[in-house]
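**Q** Here it is, the structure, as C-alpha cells.
The values are calculated or read from the model by the stated rules, or taken from the named source; none is laboratory data. Owing to the predicted nature of the structure, the values given are computational and were not obtained by experimental measurement. Cβ placement follows ideal geometry from the backbone for every residue including glycine, while neighbour counts extend to all protein chains displayed.
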Amino acid sequence: MDIGFWFSVTLACLLGAMSPGPSLAVIVNLSLSQGRVAGLIAAISHGLMIGIFAFITASGLVVMLDRNPLIFSGIQIAGCAFLIWMAIRLLLAKPDRDAYSAVSVKSSKWLAARDGLVIALVNPKIIIFFAALFSQFVDSNSQLWEKTLLALIAGTVDMLWYMLMAVVISHPTSVIAYQRHSLWLDKLFALVLLTIALGFIIQIIN
C-alpha cells in the first residue's frame, strides 16, 4: 500500500463526508440553534462513531450483517425512525420568546454529543457507504494495522469536515439570522430529515 493508495482512501472518505445527508442536516441545525461549541462536540462524537464503523467494516463484520437481511433491515428501520423522531421534534418546537438570547445558554454538551453519535450510529447511508468503499481497499490479506489506519483516516476526515462546517455555519451573522427565523428554519430542517427518511424507507421496501 503506497502513498497513492492512502490518498485515494482519504479522498473517498472526504467525498463521503461532504455528500449531503442527515448527518450534515443535524450538525448544521445544532450549530445554528445551540452554538459553535455544540456543533463542534457533535462533529467530534460523529467522527468517533464513524471511525468505529469504519473499523467494523474493514474487519468484515458488516458483510455478515449484509448477509442477514433481517438484522440489516432492522438497523435501517431504526435509523429511519430516529430521523423521523428528530423531524417531529423540530416540527413541534415552540418559537423562542427571546429571539436574541445567547445561544450558549440553550446548549447542552451531552445532548449535542448524543445527537452526533446517534445520527452516525443509525444512519443507513454510512453502513452502505463503508461496505461499498472498503470492499475496494480491504481483502483477506490486509493486516490489523492497515484496517486500523483506514478507520483512523475515515474518522478523522469525517470529524475535521464537520468541525469545519460547525465553525463556518455558527458565524455570528448566521446565528443571528437563524434566531430571527428559527421557527421556519426548524420546519425546513424537519422537512429535509423527513425527505431523507422517506428516501431510505423507499429503498428498504424496494
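**Q** Here are Ser8, Ser19, Ser31: which of them is among the polar types (S, T, N, Q) and crowded, with 16+ Cβ neighbours inside 10 Å?
**A** Ser31
**Q** May I ask you to list the residues in the stretch 160-170 that are farther than 14 Å from Leu30 by Cα and either surrounded by fewer than 19 Cβ atoms within 10 Å (Cβ to Cβ) or modelled with pLDDT of 95 or more (or both)?
**A** If the condition is that a residue be farther than 14 Å from Leu30 by Cα and either surrounded by fewer than 19 Cβ atoms within 10 Å (Cβ to Cβ) or modelled with pLDDT of 95 or more (or both), then Leu160 is the only one that fits.
**Q** Mind checking whether some residue in the stretch 122-136 is surrounded by fewer than 19 Cβ atoms within 10 Å (Cβ to Cβ), under 20 Å from Met18 (Cα atoms) and modelled with pLDDT of 75 or more?
**A** For the stretch 122-136, residues surrounded by fewer than 19 Cβ atoms within 10 Å (Cβ to Cβ), under 20 Å from Met18 (Cα atoms) and modelled with pLDDT of 75 or more: absent.
**Q** Let me ask something else. Is it the case, given these coordinates, that Leu70 is modelled with pLDDT of 70 or more, in a helix (DSSP H, G or I) and over 22 Å from the mean Cα position of the chain (by Cα)?
**A** Yes; evaluated as a whole, the condition is true for this residue.
**Q** Considering only the stretch 36-59, state which residues are over 17 Å from Val122 (Cβ atoms), modelled with pLDDT under 85 and surrounded by 19 or more Cβ atoms within 10 Å (Cβ to Cβ).
**A** Within the stretch 36-59, Ala58 is the sole residue that qualifies.
**Q** Do we find that Ile84 is modelled with pLDDT under 75, surrounded by fewer than 23 Cβ atoms within 10 Å (Cβ to Cβ) and β-branched (Val, Ile, Thr) in this structure?
**A** So Ile84 fails the test.
**Q** Scan the stretch 29-50 for residues that are under 12 Å from the mean Cα position of the chain (by Cα) and among the small types (Gly, Ala, Ser) and jot them down.
**A** Once the filter is applied, which keeps residues that are under 12 Å from the mean Cα position of the chain (by Cα) and among the small types (Gly, Ala, Ser), the stretch 29-50 yields Gly39, Ala42, Ala43, Ser45, Gly47.
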